[in-house]
Structures are given as structure tokens and as C-alpha cells.
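Colleague: If you scroll down you'll find the structure; I have some questions about it.
The values are calculated or read from the model by the stated rules, or taken from the named source; none is laboratory data. From a predicted model like this one, the values you see are computed outputs, not experimental measurements. All Cβ positions, glycine included, derive from the backbone under ideal geometry; neighbour counts span all protein chains shown.
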Amino acid sequence: MLTHRTTYRVIYGDTDRMGIAYHANYLRWFEIGRTELFRTWGLPYREIEARGIMLPVSEVHCKYIIPAKYDDLLIIEASFDTASRAALKIDYRILSENEKLIHATGYSRHACVDGNGKVVRPPDFIKDLIRQGKTGPN
């Protein structure tokens, strides 16, 4: 499976006066997970864009379960959904450092857009990346 984990410590600027992580930050954390997932698999966003493809978010969902708090060390888990064909779908889990708590789950869908702003099917270099999930990263 194409899954990557990265860690992130909740900083003071991520929280409200009660020390609870602001809800919109979970979407930033999803983006961190997604970016590192692509990078780990040898395809950083910069390269995707250099090949003329943009990946705008077309849909995002986040289910908040247990609030993250200031100074928590989080595990951001991002996984390609290999069943999605027309667009890219990435699933996320935000876990506590000891993996005993799930703070949030969610997903994002991404259209593939060419340099002219036209929606296109995922190009072969992205489909190949997803297909190789059974063999591991480059």
C-alpha cells in the first residue's frame, strides 16, 4: 500500500487560547502528509508541476475525533486510495505519538489539470506511481 507517515509537533500558533488545535490546521496537516507521501515515492510536487500537471483539491473531508493540543507530537498518515480512477484520492489519519488516539480521519480528492487549466485524466507517470504500491518506493 502507498502509505507514508510523518511527524508534526503542534505549535502554539496552531492553537486557540485553550491550547486546542484550530480545526483548519488539520487540513494543513493533511497537506503536509500528502506532500511527504509524494516526495517519499520519488515524485515531489515540484516535479509534478514541472511536467505540466497541477493537482487542485476538488473535495476534502475531515472527521474530528479527539482534539490535538499544544505540544502534542502527531503522526500524519497519508495513503493513496488505489481504487480511485478518474481523480486522485488520498486518505489521512492524524494519530497520537503512541498511536493510541486517533485525532482525525479524512480524505482529499484532487483533479489533474494541465497547463491550460483543462481537467485531464491522471497521467501515466502518476498512475505508474500508484500501481507500484505493491513493490515499494523508488
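Colleague: Step by step: first the residues of region 1-31, then only those that are of a type in the set (A, V, I, L, M, F, W, C) and crowded, with 18+ Cβ neighbours inside 10 Å, then the one that is nearest to the chain's Cα centre (by Cα). Which residue is that? Step through it out loud before you land on a result.
Modeller: First, the residues of region 1-31 that are of a type in the set (A, V, I, L, M, F, W, C): 1-2, 10-11, 18, 20-21, 24, 27, 29-30.
Filter once more, keeping what is crowded, with 18+ Cβ neighbours inside 10 Å: 2, 10, 21, 29-30.
Numbers: 2: 12, 10: 17, 21: 18, 29: 8, 30: 4 Å.
Only one residue tops the list, namely 30.
Colleague: For residue 109, state whether it is among the basic types (Lys, Arg) and modelled with pLDDT of 95 or more.
Modeller: Working: among the basic types (Lys, Arg): yes; modelled with pLDDT of 95 or more: yes.
So residue 109 fits the description; yes.
Colleague: Residue by residue through region 41-59, note down the ones that are crowded, with 16+ Cβ neighbours inside 10 Å and touching a Leu at 6+ places or on another chain (Cβ under 9 Å).
Modeller: Looking only at region 41-59, we keep the residues that are crowded, with 16+ Cβ neighbours inside 10 Å, and these are 41, 43, 48, 53, 55.
Of everything in region 41-59, those that are crowded, with 16+ Cβ neighbours inside 10 Å and touching a Leu at 6+ places or on another chain (Cβ under 9 Å) turn out to be 41, 43, 48, 55.
Colleague: Could you run through region 94-119 and say how many residues are closer than 18 Å to residue 7 by Cβ, outside any strand (DSSP E or B) and not acidic (Asp, Glu)?
Modeller: Selection size over region 94-119: 3.
Colleague: Looking only at region 89-125, count every residue that is among the hydrophobic types (A, V, I, L, M, F, W, C), in contact (Cβ under 8 Å) with a residue 40 or more places away in the chain and either within 19 Å of residue 22 (Cα to Cα) or in contact with a Phe, Trp or Tyr (Cβ under 9 Å, 6 or more places away or on another chain) (or both) and tell me the total. Break it down into steps so the answer makes sense when it comes.
Modeller: Of region 89-125, the ones among the hydrophobic types (A, V, I, L, M, F, W, C) are 90, 94-95, 101-102, 104, 111-113, 119-120, 125.
If we keep only those that are in contact (Cβ under 8 Å) with a residue 40 or more places away in the chain as well, we get 90, 94, 104, 111-113, 120, 125.
Among the residues that remain, those that are also either within 19 Å of residue 22 (Cα to Cα) or in contact with a Phe, Trp or Tyr (Cβ under 9 Å, 6 or more places away or on another chain) (or both) are: 90, 94, 104.
Total satisfying the criteria: 3.
Colleague: To continue, here is another question. So residue 70 ticks every box in (1) loosely packed, with under 12 Cβ neighbours inside 10 Å; (2) modelled with pLDDT of 95 or more; (3) more than 14 Å from the chain's Cα centre (by Cα) but one. Which box is left unticked?
Modeller: (1)
Colleague: On to the next question. When you look at residue 91, is it at negative phi, assigned to a helix (DSSP H, G or I) and among the acidic types (Asp, Glu), yes or no? Show your work before the answer.
Modeller: Working: at negative phi: yes; assigned to a helix (DSSP H, G or I): no; among the acidic types (Asp, Glu): yes.
So residue 91 does not fit the description; no.
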